[in-house]
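Only the coordinates and a few stated rules stand behind these numbers; no lab work does. Just so we're clear, the structure is a prediction, and the values are computed from it rather than from any experiment. Cβ atoms come from the backbone with ideal geometry, glycine included; neighbour counts cover every protein chain shown.
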Amino acid sequence: MPIRVIAGSAKGRKLKLVPGDTTRPVMDRVKEACFNIIGRDIIGARFLDVFAGTGSVGIEALSRGARQAVFIEKERIACKTIEENLEITQLKDKAIVRQMDAFAFIRGTPPTPPFDFIYIAPPQYKGLWIEALQAFDKNRAWFGDETMVIVQIDPQEQADVALTHLEIVDERIYGKTLLLFYMLKEEDSQADG
């Protein structure tokens, strides 16, 4: 099934899929729903796409006005696909593609200022989303007061996750896709003020 950019400067452009079955592209209606929730907050935002696959979510963010998107993807062939999709959409100048293990990246030094959005969509049924969310949660420096963390999983993978700094603020289900939205707990956010 082809994937495309839904809205913004690259609207309608068809994106390439990663050869093989190592990635799972997000369906258009899920992507559209996610960005409808984000709304105009995407404009000028810094977006982190972890386990980026085809790059379609980060590319959608750029097309809709994000200032920068960083794509983290371990598979070389997927990184090549992201680069090709950035060429197709003419958004390469706002993107950074890093071929590396997501957990090595998360354990590294968070950027300053923090990302506005962090999108986590790892391979399914391996518990990686919990591991990734907890790895981010261990380092408060990953989050600004308004940073939103979005997790994309199969509904069957849903579980309660013990977190120090983040709390779930919304969840939406679209067929076989569940989106979970996390933000800083109020006491963490107030501690900065």
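Length gained on full extension, residue 187 to residue 156: 8.1 nm, using 0.36 nm per residue less the C-alpha separation. Over the chain, dividing the summed -39,500 (n - 2.57) contributions of all DSSP H runs of at least 4 residues by the number of residues returns a 222 nm mean residue ellipticity of -8500 deg cm²/dmol. I'd like the distance separating the alpha-carbon centroids of segment 2-66 and segment 124-193, in whole Å. Value for the Cα centre distance between the two parts: 19 Å.
Counting neighbouring beta carbons within 10 Å and listing from fewest to most, the residues 27, 148, 100, 183 come out as 100, 27, 183, 148.
Across the chain, Cα pairs under 8 Å and at least six residues apart give a relative contact order of 17 percent. Mark the label point 7 Å from the Cα of residue 41 along Cα→Cβ and return the residues of segment 108-144 whose backbone N is within less than 15 Å of it. From segment 108-144, the list is 114-120, 143-144. The chymotrypsin sites (Phe, Trp or Tyr not before Pro) of segment 98-185 meeting both criteria, a DSSP state outside H, G, I, E and B (loop) and at most 15 other C-beta atoms within 10 angstrom of the site's C-beta, are 125.
Distance between the modelled labels on residue 140 and residue 7, one decimal in nanometres: 3.5 nm (7 Å Cα→Cβ projection). Toward the positive end of the charge dipole of the chain, with +1 on the Cβ of Lys and Arg and -1 on the Cβ of Asp and Glu, the farthest Cα among 8, 58, 19 is that of 19. Among the listed pairs 74/176; 14/185; 14/176; 92/185; 80/126; 16/138, a Cα-Cα separation exceeding 30 Å is found for 14/185; 92/185; 16/138.
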